[in-house]
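The values are calculated or read from the model by the stated rules, or taken from the named source; none is laboratory data. The shown structure was predicted, so the numbers you read here are calculated from the model rather than taken from an experiment. Cβ placement follows ideal geometry from the backbone for every residue including glycine, while neighbour counts extend to all protein chains displayed.
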Amino acid sequence: MFKQLSARWVIPVVAFGLFFGLALASCSEGGTAGMDVSEVARERHLSEQDVLAAVKTYQPTGRFDPYVLFASGGHSGQVLVIGVPSMRLLKVIAVFTPEPWQGYGVGAVETQDVLDEGRMADHDLTWGDTHHPALSESEGDYDGQYLFINDKANPRIAVIDLRDFETKQIVTDPNMGTNHGGTFVTPNTEYVIEAAQYSIPLWEEYADVDRYEESYRGLVTFWKFDRASGRIDHDASFSMELPPYWHDLSDAGKGPSFGWAFVNSFNTEMATGGFEDGNPPFEAGASANDMDYMHIINWQKAARVAGEAGKTRMSRGMRVIPLAVSIEEGLLYLTPEPKSPHGVDVTPDGTRMVVSGKLDPHATIYSWEKIRSAIDSGGSGETDSYGIPILPFDDVLEAQVELGLGPLHTQFDDKGNAYTSIFLESKVAKWRLDPPELLEKIDVHYNVGHLAMAEGDTRTPDGKYLIAMDKWSIDRFQPVGPLLPQNFQLIDVDESPMQLLYDMPIGIGEPHYAQMIKADKLEPFQVYPGVGYSPHLMALKEGAPVSGTERIERVGNTVHVYMTAMRSHFKPEYIRVNQGDEVVLHVTNIEQAHDATHGLGISKYNVNVSIEPGETQEIRFTADQAGVFPFYCTEFCSALHLEMAGYLLVKPAG
Amino acid sequence: MGRVTSFFQGELSSVSRVMIVIATLTLLPSIFLPTWNITLHAPQYPEGLTLVIYPHTVGGQLDEVNLLNHYIGMREITPNEFPEFRLIPFFILRFFAFAVLAALVARIPIAAIGYLDFVMFGVVMLYTFQHWLTEFGTQLSPAAPIDLAPFVPRFIGTTHVAQFSVSSMPAAGGILMGIAGLMGPVVLIYEWRRRFGSRTPAPST
């Protein structure tokens, strides 16, 4: 039987094997016929290194990046979401300025409410200068739930919910002139830290610069974040009065340094400029001293003190701990730091603080243990002119490592290395922490500001990728007129020497800092959970129109329109009102299909809302212009998208 | 003829009873499991859209399918309009009861009647399923935005409608019902052979 079987089966099996083998062979040849990689590389003048870089960054269609970068959108006032390593722009999140695609600030009431929270000095602010995004953290690691970002120009902070990547809240800091040292979060996002930059008078509305030292003050604010509501709790937040130095970046301690925050400063000279009057300009006056001050703040204790009666003063609606209270309670210490620093960065284990002085070639490493014992031993008795204790530099210094000209900002990898941007040299320096030693440098193009590494400021950095955020691009891109894009350069840090992989032009604002999170930590909604869902409430909204409840109701001069949208019609399709009526349009996208977004744009009334599946939005306007105004779906939702339209009929008065 | 009569007066062997018990065990979960899936594939639905037909209702992405159907003027599918859904779970329970009884009393006639009942039910259900598919596919509103020629999806297999390919296939519950149904002929052949031996010649070596 076995013999029979084998005789009958051997031939077909062999034949099949031959056929299969040939088919495979022809596939592998056929797949590249006329498309030889080395030939294409030669034709396009690509080196082997270039081809390797392309292979390391290319993502085939439908494949996602392992990391997501949240970058400041600079003057656009928005946040950029970028996939790494492909460096594909995934989204621009509307934050401080209107963004029509997302229906942000162009008719949708709840988005306008968020922008209105950000009004300052009785002005609508139609720009922002976003600088430093901060991802929410749990135990010192990104948790992928929220993102915060500051507006330097108009001192305010925005809260973005990463369930739908939308801005939920803007808080303003009325006591600051501008902010720069924010946002940075404490290890469990207890507080969002924001430090002011250019000092203004604190306890009085107006004081001339000639009263700078008496009346002007620096400030750091600890915004209390309530994770459950996803909002900053204004009343539980507090500020601390600081000397009128100009404060810069901050960072929160972690591990052994948990409970403390570190804030850099420059212009400890308290220069007041006035170049036109024959005084040294700020740039010289603020750079006269060899040392400025790192501020060491016990935020945990400050939070307790802020809660005690008589320990704070109200200023412009904010609780502020006066400088005298901070000194008396031991909340604030200073230590010298080399000239005009930018970044203060706490090492992943929380044992050291790395300061980069822009006008000093070193990274200066402070030991938390030494800072702690200097504080505990009561200090040397030396103070600044405001009475804040100064911890002697030599008592708290661990080491200095020479990196190059203009060190700015430091990030960390998973192998005990630090990476510092070197502005004047246009390089990134890789150096070892233990023992401190410069390892190598790589050229970047050009004038690098911040660095962002994969989870590079957390307790557990990932290494792998570094993005150099270059201010100038000069000759890197196709010329597009005198205003050039900035340049995000992706660097592979696992290679030795480090390899430059990709240049991404940023043609929107001037981005500053970015944070890079593992993509699998983000769990955004694909579709809002339920029909009639309000992104503002992050819950189903009572009374939101759903299928079957469409109607128009008039209450006096107010006309409420309860409208639904689905492919490919609005219901109702006519809105008839009288000139002068107040129109309140409640509109729900009653679909639940992935990506079936509708828009609602109304001709000449400056209205465009984006209504994602399930979402409900409210639009309010006064029908002050008589006439006939088409409205239509502004997202290409379906084959009959152009037919998804209706008329707003405003009957002339009288 | 004598053989058939005596066969139907016979008792079930314990092996057959075990097989009938297995049939009941596969039948029972099919009350709760999806019986049939109708899956629509199109480029913009990379994961497909599935209508899941249970013994008692239609589930899956019904809203989305109804939304798409309004373009071609197909009337809305609402689970309440199908009287079958109120009956099918009880029918399944009835077959279950027959099978349990057959296994307990070990009488071939009970097993045979129960099995006939089950097969007839299956045929009738597939017929009504096809009837509904025909009705929905051919009674399209002439006022619909997209004018489409009437179509008849097959109850099993793939039909192409506009940019969609519509696949209709038994799901877990349907497959379990099929397995239960296969037990009938298996028991029949087993019992026949046990009594009258095999007519098939032994394989040559």
**Request:** Just name the residue that is surrounded by the most Cβ atoms within 10 Å (Cβ to Cβ) out of those in segment A:595-615 that are in contact with a strand residue (DSSP E or B) (Cβ under 8 Å, 6 or more places away or on another chain) and within 14 Å of chain B (Cβ to nearest Cβ).
**Result:** A:HIS598
**Request:** State whether the residues of segment B:110-133 include one that is within 14 Å of chain A (Cβ to nearest Cβ) and farther than 30 Å from B:MET19 by Cβ.
**Result:** no
**Message:** As an exercise: evaluate A:ARG567 against (1) under 34 Å from the mean Cα position of the chain (by Cα); (2) buried (at least 20 other Cβ atoms within 10 Å of the Cβ); (3) within 14 Å of another protein chain (Cβ to nearest Cβ); (4) in contact (Cβ under 8 Å) with a residue 60 or more places away in the chain and give the number of the one condition it does not meet.
**Reply:** (1)
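Give the residue, chosen from A:ARG319, A:ARG372, A:ARG313, that is charged (D, E, K, R) and under 20 Å from A:GLU190 (Cα atoms).
Working: A:ARG372 fails: under 20 Å from A:GLU190 (Cα atoms); A:ARG313 fails: under 20 Å from A:GLU190 (Cα atoms).
Just one listed residue meets the conditions, A:ARG319.
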**Asked** What is the residue count in segment A:198-246 for residues that are surrounded by fewer than 15 Cβ atoms within 10 Å (Cβ to Cβ) and β-branched (Val, Ile, Thr)?
**Response** 1
**Item:** Search result, residues across segment B:65-84 that are under 20 Å from B:GLY174 (Cβ atoms) and among the aromatic types (Phe, Trp, Tyr)
**Value:** B:PHE82
**Asked** Can you name the condition, by its number, that A:PRO545 falls short on among (1) part of a loop (DSSP other than H, G, I, E, B); (2) within 14 Å of chain B (Cβ to nearest Cβ)?
**Response** (2)
**Asked** Taking only pairs six or more apart or across chains, which ones have beta-carbon atoms under 6 Å, a first residue in segment A:378-403 that is closer than 23 Å to A:ALA418 by Cβ, and a second residue that is of a type in the set (Lys, Arg) and surrounded by 13 or more Cβ atoms within 10 Å (Cβ to Cβ)?
**Response** A:VAL396/A:LYS370
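For segment A:501-511, indicate whether the set of residues that are among the hydrophobic types (A, V, I, L, M, F, W, C), over 20 Å from the mean Cα position of the chain (by Cα) and either modelled with pLDDT of 95 or more or not in a loop (DSSP other than H, G, I, E, B) (or both) is non-empty.
Step one: filter segment A:501-511 for residues among the hydrophobic types (A, V, I, L, M, F, W, C), giving A:501, A:504, A:506, A:508.
So of that shortlist, the ones also over 20 Å from the mean Cα position of the chain (by Cα) come out as A:501.
With either modelled with pLDDT of 95 or more or not in a loop (DSSP other than H, G, I, E, B) (or both) added as a condition, the list becomes A:501.
Yes, that holds for at least one residue.
Take the residues in segment A:570-579 that are assigned to a strand (DSSP E or B) and under 41 Å from the mean Cα position of the chain (by Cα); name whichever of them is nearest to the other protein chains (Cβ to nearest Cβ). Steps first, please.
First pass over segment A:570-579, keeping only residues assigned to a strand (DSSP E or B): A:570-571, A:574-578.
Checking which are under 41 Å from the mean Cα position of the chain (by Cα) leaves us with A:570-571, A:575.
Working: A:PHE570: 14, A:LYS571: 12, A:ILE575: 22 Å.
Of everything passing the filter in segment A:570-579, A:LYS571 is nearest to the other protein chains (Cβ to nearest Cβ).
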**Item:** Checking A:GLU582 against (1) surrounded by 15 or more Cβ atoms within 10 Å (Cβ to Cβ); (2) within 14 Å of another protein chain (Cβ to nearest Cβ), the condition it does not meet
**Value:** (2)
**Subset of segment A:548-564 that is buried (at least 18 other Cβ atoms within 10 Å of the Cβ) and under 24 Å from B:LEU68 (Cα atoms) - its residue that is farthest from the other protein chains (Cβ to nearest Cβ)** = A:TYR562
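For segment A:396-462, list the strands (runs of 3 or more DSSP E) that sit wholly inside it and hold at least 2 residues that are within 20 Å of A:TYR366 (Cβ to Cβ) and in the same structural domain as A:PHE184 (by TED's automatic domain parsing); which are they?
Details: elements: A:397-402, A:407-412, A:417-422, A:427-432, A:437-443, A:448-454.
In segment A:396-462, A:397-402, A:407-412, A:417-422, A:427-432, A:437-443 are the strands (runs of 3 or more DSSP E) which contain 2 or more residues that are within 20 Å of A:TYR366 (Cβ to Cβ) and in the same structural domain as A:PHE184 (by TED's automatic domain parsing).
Sort out which residues of segment B:42-64 are within 19 Å of B:MET169 (Cα to Cα), facing chain A (nearest Cβ under 10 Å) and surrounded by 15 or more Cβ atoms within 10 Å (Cβ to Cβ), and write them in order of number.
Taking segment B:42-64 and keeping what is within 19 Å of B:MET169 (Cα to Cα), we get B:42, B:45-62.
Now restrict to residues that are facing chain A (nearest Cβ under 10 Å): B:45-47, B:49, B:61.
Hits for segment B:42-64 are B:TYR45, B:LEU49, B:GLN61.
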**Failed item, numbered, when A:PHE20 is tested on (1) under 17 Å from the mean Cα position of the chain (by Cα); (2) modelled with pLDDT under 95** = (1)
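Of the residues B:PRO83, B:PRO150, B:PRO142, which is touching a Leu at 6+ places or on another chain (Cβ under 9 Å) and either surrounded by 15 or more Cβ atoms within 10 Å (Cβ to Cβ) or more than 19 Å from B:VAL18 (Cα to Cα) (or both)? Please lay out each step first, then the result.
Working: B:PRO83 fails: touching a Leu at 6+ places or on another chain (Cβ under 9 Å); B:PRO142 fails: touching a Leu at 6+ places or on another chain (Cβ under 9 Å).
Every option except B:PRO150 fails the conditions.
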**Prompt:** Only one of (1) buried (at least 22 other Cβ atoms within 10 Å of the Cβ); (2) in contact with a helix residue (DSSP H, G or I) (Cβ under 9 Å, 6 or more places away or on another chain); (3) outside any loop (DSSP other than H, G, I, E, B); (4) not aliphatic (A, V, I, L, M) is not met by A:GLY128, so which one is it?
**Reply:** (3)
**Prompt:** Which residue out of B:ALA180, B:ALA162, B:ALA112, B:ALA171 is under 21 Å from the mean Cα position of the chain (by Cα) and under 23 Å from B:TYR45 (Cα atoms)?
**Reply:** B:ALA171
**Fill in**
In segment A:167-192, anything buried (at least 24 other Cβ atoms within 10 Å of the Cβ) and closer than 21 Å to A:ALA324 by Cα is listed as A:MET176
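Looking at A:LEU52, A:LEU69, A:LEU46, A:LEU90, which is the one that is more than 30 Å from A:ASP164 (Cβ to Cβ), more than 14 Å from chain B (Cβ to nearest Cβ), at pLDDT 95 or above and outside any helix (DSSP H, G or I)?
That would be A:LEU46, the only listed residue that is more than 30 Å from A:ASP164 (Cβ to Cβ), more than 14 Å from chain B (Cβ to nearest Cβ), at pLDDT 95 or above and outside any helix (DSSP H, G or I).
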**Item:** Qualifying residue in segment A:626-644 (condition: within 13 Å of another protein chain (Cβ to nearest Cβ) and among the charged types (D, E, K, R))
**Value:** yes
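Return the residues of segment B:66-91 that are within 20 Å of B:VAL166 (Cα to Cα) and more than 10 Å from every other protein chain (Cβ to nearest Cβ); say none if nothing qualifies. Talk me through it step by step, then tell me what you get.
Going through segment B:66-91, the residues within 20 Å of B:VAL166 (Cα to Cα) turn out to be B:66-79.
Once the filter is applied, which keeps residues that are within 20 Å of B:VAL166 (Cα to Cα) and more than 10 Å from every other protein chain (Cβ to nearest Cβ), segment B:66-91 yields B:ASN66, B:ASN69, B:ILE72, B:GLY73, B:MET74, B:ARG75, B:GLU76, B:ILE77, B:THR78, B:PRO79.
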